[in-house]
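> This is the structure, below, for whatever I ask next.
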Amino acid sequence: MRLYLIRHGQTAWNVEGRAQGHSDVGLDDEGLRQSRLLGRAFRGVELARVVSSDLSRALETARTVASATGAPLTTDPRLREQCFGEWEGRLYSDWRAEIEVHATNSGQLPADFAPPRGESIREVWERIGEFASTLCLKDGDLAVVSHGGAAGLLLARLREEPIDAGRTYRFPNASVTLLARSSDRWEVVRFADVQHLQAEPSGT
């Protein structure tokens, strides 16, 4: 079984460094270009299905993969990014320091801190784990389209790594990470590959 873990294409908030979370921000022009090239890269790849976060930036990206492969597309809200609640739309640089201060003052681990009306990383870890537990070798090859933070946690779950490992992975927009299941574990074949995003050939 092979699993293609894909991060959605670029949005305007990605460029600005804003926390998107569950805010339904669509792809910008560059994100649409990335998705088109992603779809081209998947031509001829046989997939049993494509599973996507239900947020539009992921779903728009997933549709190009499904169209290129002819695989059925389904959505799963467990693949959503962390909900940042009242902090959505704020610059990451503005609130990351607040998390560290809160953790220091309260003795709470950063992974257990939730923004007002939002989720903690540990809560995302749990729902991503629920999704990972549904994957079955007999399902055939899959493409999973998600978000930067959620994808890192999913990779750590599949690799049976701790939650902190999941927070260290970085995935460029529209990147592809390929995993293969061998006997009892997932092996990373390609990590955060963006070669398919090179300039489109002339005449296309």
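> Using alpha carbons only, how many degrees (0 to 90, rounded to 10) separate the axis of helix 121-132 from the longest principal axis of the chain?
Long axis of 121-132 versus the principal axis of the chain: about 30 degrees.
> Moving to a separate point now. Between residue 184 and residue 74, what FRET efficiency follows from the Cβ-Cβ distance if R0 is 30 Å, with the result rounded to 0.05? Let's see the in-between values first.
Working: r = 27 Å, r/R0 = 0.89.
Plugging the Cβ-Cβ distance into 1/(1 + (r/R0)^6) gives 0.65.
> Towards the positive end of the charge dipole of the chain, with charges on Cβ (+1 Lys, Arg; -1 Asp, Glu), say which of 114, 9, 42 has the farthest Cα.
Result: 42.
> What angle, in degrees between 0 and 90 and rounded to the nearest 10, separates the Cα long axis of helix 29-41 from the longest principal axis of the Cα atoms of the chain?
Between the helix axis and the principal axis of the chain, the angle is about 50 degrees.
> Just to verify a number: FRET efficiency for residue 96 and residue 134, C-beta to C-beta distance, R0 = 25 Å, to 0.05?
On the way: r = 32 Å, r/R0 = 1.28.
Calculated transfer efficiency: 0.20.
> Please state, to two decimals, what the Cα-based radius of gyration of the range 71-148 comes to when divided by 2.2 N^0.38 Å (N = residues).
Working: Rg = 15.8 Å, N = 78, 2.2 N^0.38 = 11.5 Å.
Dividing the Cα Rg of the range 71-148 by 2.2 N^0.38 Å gives 1.37.
> Roughly how tilted is helix 56-69, in degrees to the nearest 10 and between 0 and 90, from the longest Cα axis of the chain?
Roughly 20 degrees between the two axes.
> Another question, if that's okay. I'd like the GluC sites (Glu not before Pro) in the range 101-204 restricted to DSSP loop residues with at most 15 other Cβ atoms within 10 Å, sorted by number. Let's see the in-between values first.
Numbers: sites: 119, 123, 126, 130, 160, 187; in loops: 119, 160.
Here the GluC sites (Glu not before Pro) that fit, given the DSSP loop and packing criteria, are 160.
> Additional query: Full extension from residue 103 to residue 48: what is 0.36 nm times the residue separation minus their Cα-Cα distance, to one decimal in nm? Could you put the intermediate results ahead of the total?
Values: separation 55, 0.36 × 55 = 19.80 nm, distance 4.30 nm.
Full extension of this stretch gives 15.5 nm more.
> Further question on the same structure: Can you show me the helix-derived [θ] at 222 nm for the chain, built from DSSP H runs with n ≥ 4 at -39,500 (n - 2.57) apiece and divided by the number of residues, rounded to the nearest 500. Please list the in-between numbers first.
Numbers: 7 runs with 74 residues, N = 204.
It comes out at -11000 deg cm²/dmol, rounded to the nearest 500.
> Please compute the Kirkwood hydrodynamic radius over the range 52-97, one decimal place, Å, based on all pairs of different Cα atoms. Intermediate values should be presented prior to the final figure.
Values: mean 1/r = 0.0805 Å⁻¹.
This gives a value of 12.4 Å.
> Relative to the Cα centre, what is the charge dipole magnitude of the chain, using +1 at the beta carbon of each Lys and Arg, -1 at the beta carbon of each Asp and Glu, and rounding to the nearest 20 debye? List each step's numbers first, then the result.
Working: 25 positive and 29 negative charges, 124 e Å.
Taking the Cα centre of the chain as origin, the dipole is about 600 debye.
> On to the next question. On the first, second and third principal axes, largest extent first, how far apart are the outermost C-alpha atoms of the range 22-67 in Å?
32, 21, 10
> Now for a different question. Counting Lys and Arg as +1 and Asp and Glu as -1, each charge on the Cβ, what is the dipole of the range 26-114 about the Cα centre in debye, to the nearest 20?
On the way: 11 positive and 14 negative charges, 125 e Å.
So the dipole magnitude of the range 26-114 works out to roughly 600 debye.
> Which one, 93, 131, 143, is farthest towards the positive end of the dipole of the range 62-148 when Lys and Arg carry +1 and Asp and Glu -1 on their Cβ?
So the residue we want is 143.
> Rg over Rh of the chain, using C-alpha atoms and the Kirkwood radius, what does it come to? Walk me through the intermediate numbers first.
Numbers: Rg = 16.9 Å, Rh = 17.3 Å.
My calculation of the ratio gives 0.97.
> Filter the GluC sites (Glu not before Pro) in the range 8-93 down to the DSSP loop ones having no more than 12 other Cβ atoms within 10 Å, then list what survives. Each step should come with its number before you reach the end.
On the way: sites: 16, 30, 46, 60, 81, 86, 88; in loops: 46, 81, 88.
Those that pass, being in a loop and sparsely packed, are 46.
> Calculate the spin-label point distance for residue 168 paired with residue 12, positioning each point 7 Å from the Cα along the beta-carbon direction, and give it in nanometres.
Here the answer is 3.7 nm between the modelled labels.
> What percent antiparallel are the DSSP beta bridges of the chain, to the nearest 5? Don't skip to the answer; put the middle values down first.
Values: 12 of 24 bridges.
Of the beta bridges lying entirely in the chain, close to 50 percent run antiparallel.
Taken together, the values in this text are just the output of simple stated rules run on the coordinates, not laboratory data. What you are looking at is a predicted structure, and each value in this text was computed from that prediction instead of being measured. Note: ideal-geometry Cβ built from the backbone for every residue, glycine included; neighbour counts use all protein chains shown.
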